[in-house]
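The values are calculated or read from the model by the stated rules, or taken from the named source; none is laboratory data. As the structure is a computational prediction, the values presented were derived from the model and not from experiment. FYI the Cβ positions are ideal-geometry reconstructions off the backbone, even for glycines, and counts take in every protein chain you see.
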Amino acid sequence: MTPPKVTKCFRWVTAKHTSQHGDVKWVPGEWVKQKGELILCGKGLHACLDPRDSLNQVWGTEWWAAEARGTVLKGDDNFCASEMRIVRRIPDALIRRFALDCAEHVYPIWEKAYPKDSRVRTSLDATKAYLDDPSPENDEAMTGAAVAVGAAWAAGAAWAAWAAGAAGAAWDAGAAWAAGAAWAAGAAVAAGAAGAAVAAWDAGAAWAAGAAWAAGAAGDAGAAGAAWAAGVAEEKWQKQHLKELLKEAFEEASP
């Protein structure tokens, strides 16, 4: 007899190992079955094939690698299945590290726009120090740096909005979002895995989306297209980088 096809995927559960509405109880390694008709985003056991897509669908506080089988109904960035089980929890530290890496990856946008403003660099360094050593001193330093870079982001965002009629609007918006990504990465470390997931997502295409909006408002179709392309490239990098982090974490956890 041919065994049923099993699809590897990712999903979130609550700290009590229930689904978003508490109607499904998850026990690691045990299959959960959904009876009746499947309705995407309505009825069924939902998950994402791509881990980065899963970071944009946070319904809980714990992120798990999962497996699905049986009837499957696919959507654009998620799917629902008639059978699913959670198999391995993904460490919160990995998600936080990913959020920081994403912010680091777009940091050069800020640095080129504001080479003399060290607040974002200080915040990223403080966040990394806290991840390496979560001492009270590093926590205080990270929090203080996050507050400072939050002010930098707010100022940059305001400038980008004002500059929407200027040729440099796309770059200004990109720099503002880069600062926002750095601030979010620092804030996410204290907010937990779910907050880090959201921060990682925001650090990807958010700045480019803001840049595309500003460029479009300025009537610069070329800049808007370039900003959007940069966002697509950043998303591609994020997808690959997250898969590499997960592979490394799973290999280390294997006996």
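For this structure, a couple of remarks:
- Residue satisfying all of: in the range 84-112; surrounded by fewer than 18 Cβ atoms within 10 Å (Cβ to Cβ) and over 21 Å from the mean Cα position of the chain (by Cα); modelled with the highest pLDDT among these: 87
- Matching residues, the range 11-41, being buried (at least 18 other Cβ atoms within 10 Å of the Cβ) and in contact (Cβ under 8 Å) with a residue 60 or more places away in the chain: 11, 12, 13, 26
- Pair list, Cβ under 7 Å, 6 or more apart: the range 42-62 residue surrounded by 18 or more Cβ atoms within 10 Å (Cβ to Cβ), other residue at pLDDT below 85 and not in a helix (DSSP H, G or I): 48/57; 60/20
- Of all the residues in the range 126-143, those that are among the acidic types (Asp, Glu) and either crowded, with 17+ Cβ neighbours inside 10 Å or more than 16 Å from residue 93 (Cα to Cα) (or both) number 2.
- Any chance residue 67 is part of a loop (DSSP other than H, G, I, E, B) and over 13 Å from residue 242 (Cα atoms): no
- Applying the condition of being part of a strand (DSSP E or B) and within 29 Å of residue 102 (Cα to Cα) to the range 25-53 and asking which residue is farthest from the chain's Cα centre (by Cα) yields 46.
- For residue 121, the test of being in contact with an Asp or Glu (Cβ under 8 Å, 6 or more places away or on another chain) and surrounded by fewer than 17 Cβ atoms within 10 Å (Cβ to Cβ) is passed.
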